[in-house]
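The values are calculated or read from the model by the stated rules, or taken from the named source; none is laboratory data. A quick note: this is a predicted structure, and the numbers were derived from the prediction, not measured. Cβ placement follows ideal geometry from the backbone for every residue including glycine, while neighbour counts extend to all protein chains displayed.
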């Protein structure tokens, strides 16, 4: 019977110990023998099972896993090469390395398939399933990358990328024209890219980051997987929304019919809600992708041709009381660029200097400085040289000082077109870029343009609705966005007339007080500092008044329904109202040269945070600003710190 062993009566039995009865000793001996043999049997069974498990692990898991690890390292090395190719903008090499990566990843996929029996093993099946889905997602990503590379490769020379493009012959203008003419062929490829991203999203949706505990590096895996899912989700949405723009881009660039755009120059050194005071304008005509300037002028000249100007709105009447009418140059009062441009366009269409255009593009000083720096650090305009070297008169780029001097310094004669120099500078930049080898300047210029668009130094409002939808998907339209969670947009409007934003630094501290019931009270502190001496603003002496008292209307946009608890620093009574789907706290401060100002608001958010949840937050940058330091704290404990270069979305853990 199981559990019992036959006793050998002929075996030698030692004499019982002293004091023990023979019967009792015999019973102990029998029980001990039976237990020992049973234990040995169990041990043998356990050892047998362990041997089987070891064989299974060695032959079924470890050896394949070692092979898997080896193949994975090869694939990872391939992927790093593709990343390096992208960083160096080597489009031709990127295509070859993508092909190699795909081949090696397919080998890795076969190695994983050979371990399919793991799908029947509890717990192990989680990780096996994740590996399968991740590989599927990776292959789809490679296919998408290949589509992108194949689409861009013909335009390598036009975009200044490394690699042999299809448009190497002829002048720079001819190459651009050929590229724009053939660009419509890319549209079907964009649909393929969208399909690859959809596959990636579908596969990653089946991967559960919570399968990976914090132990043994699981926390890093979990974080990486979560970020990957977010990136692919965002990319899928982005491509889907940007596709209409890509499809109409040739049309926007004047193919086959030319297009005109009004370009507004915003002086970010005199900061206004959409990026700066509107100081000059130009008409740019696009013909098969080639830009032709059709004139540039001072905004005051255009303003003088607008009849029957409306009465200045409240904010202008209050803070610029000497300007009773609403001028074109002051129409960018809304922090939402499209809203401001709709008002500008309404008045512009009545101007005597009106020219029919297909959209409005706004640009501030940052792209000008970046372009000149790429083009060798200097550029000549009408016999004057502008450089990007630091000018001690303003501790800024020389081109900035000279532009301010050309437009604002008092002279003893009547000066027309006092701000038209900016249009001439733009034309000189374009001419120098087009007269050069594409491989010398075009790539860096293209990258600089993309960076300036992402940082809101270039903004677009076009009248083609499909194109505008795509532009907004690129976050290039300066929109105030809807958002579920905490939201913050700080908007400064310099109504002092001087260029004090050239000298003022700004930092933002946010402290979230999380209560046990889920309610959140937030304290926002904005620190302004101007460490520079004042300029000589005596017009009779002909001084250039750059640094003077900053008269700043501060509007803070927060989630709609937020309640102001307290404020400190405003020199007028605080106002609270709703606008653009947000609640606005409006105040007014002055910042003097060699002075500082602290502006503090405490307010209660209009929602409660569920237990165990994280708080999503969006911080939207004001166009024309640069490198404002943001600090985020929870209950007095600092959790994040970063410069706000672009709109930022974060998740805050209580």
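Per-structure values
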read-out	value
Residue within region 183-199 that is surrounded by 15 or more Cβ atoms within 10 Å (Cβ to Cβ) and not in a helix (DSSP H, G or I) present	no
Single residue of 207, 248, 239 found to be crowded, with 16+ Cβ neighbours inside 10 Å, touching a residue at least 60 places away in the same chain (Cβ under 8 Å) and more than 30 Å from residue 353 (Cβ to Cβ)	207
Flag if residue 110 is at pLDDT 85 or above, surrounded by fewer than 12 Cβ atoms within 10 Å (Cβ to Cβ), within 45 Å of the chain's Cα centre (by Cα) and closer than 30 Å to residue 150 by Cα	yes
Filtered residues of region 434-481 (kept if surrounded by fewer than 18 Cβ atoms within 10 Å (Cβ to Cβ), touching a helix residue (DSSP H, G or I) at 6+ places or on another chain (Cβ under 8 Å) and under 20 Å from residue 281 (Cβ atoms))	449
Residue count, region 349-370 (criterion: under 33 Å from the mean Cα position of the chain (by Cα) and farther than 30 Å from residue 398 by Cα)	3
Selected residue (only one of 553, 558 is touching a helix residue (DSSP H, G or I) at 6+ places or on another chain (Cβ under 6 Å) and in a strand (DSSP E or B))	553
Number of positions in region 425-467 that are more than 21 Å from residue 89 (Cα to Cα) and without any contact (Cβ under 8 Å) to a residue 24 or more places away in the chain	2
Any chance residue 223 is in contact (Cβ under 8 Å) with a residue 40 or more places away in the chain, surrounded by fewer than 18 Cβ atoms within 10 Å (Cβ to Cβ) and in contact with a helix residue (DSSP H, G or I) (Cβ under 9 Å, 6 or more places away or on another chain)	no
Residue within region 447-454 that is part of a helix (DSSP H, G or I), out of contact with any strand residue (DSSP E or B) (no Cβ under 8 Å at 6 or more places or on another chain) and at pLDDT below 90 present	yes
Residues being under 21 Å from residue 457 (Cα atoms) and either part of a loop (DSSP other than H, G, I, E, B) or touching a residue at least 60 places away in the same chain (Cβ under 8 Å) (or both) - total across region 377-393	3
Hey, residue 581 touching a residue at least 40 places away in the same chain (Cβ under 8 Å), more than 24 Å from the chain's Cα centre (by Cα) and on the phi > 0 side of the Ramachandran plot or not	no
Residues (surrounded by fewer than 17 Cβ atoms within 10 Å (Cβ to Cβ) and either under 12 Å from residue 146 (Cα atoms) or in contact (Cβ under 8 Å) with a residue 12 or more places away in the chain (or both)) located in region 87-99	88, 92, 96, 99
Residue list for region 497-518, filter: crowded, with 19+ Cβ neighbours inside 10 Å and either farther than 19 Å from residue 619 by Cβ or touching a helix residue (DSSP H, G or I) at 6+ places or on another chain (Cβ under 9 Å) (or both)	498, 499, 500, 501, 502, 503, 504
Residue in region 398-413 that is at pLDDT 90 or above, under 30 Å from residue 593 (Cα atoms), touching a strand residue (DSSP E or B) at 6+ places or on another chain (Cβ under 8 Å) and part of a strand (DSSP E or B) present	no
Every residue from region 326-353 that is exposed (fewer than 14 other Cβ atoms within 10 Å of the Cβ) and without any contact (Cβ under 8 Å) to a residue 24 or more places away in the chain	346, 349
Condition check for residue 400: crowded, with 21+ Cβ neighbours inside 10 Å, within 22 Å of residue 501 (Cα to Cα) and within 30 Å of the chain's Cα centre (by Cα)	yes
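Per-residue answers, yes or no, for (1) assigned to a loop (DSSP other than H, G, I, E, B); (2) over 22 Å from the mean Cα position of the chain (by Cα):
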residue	(1), (2)
610	yes, yes
616	no, no
619	no, no
622	yes, no
625	yes, no
630	no, no
646	yes, no
650	no, no
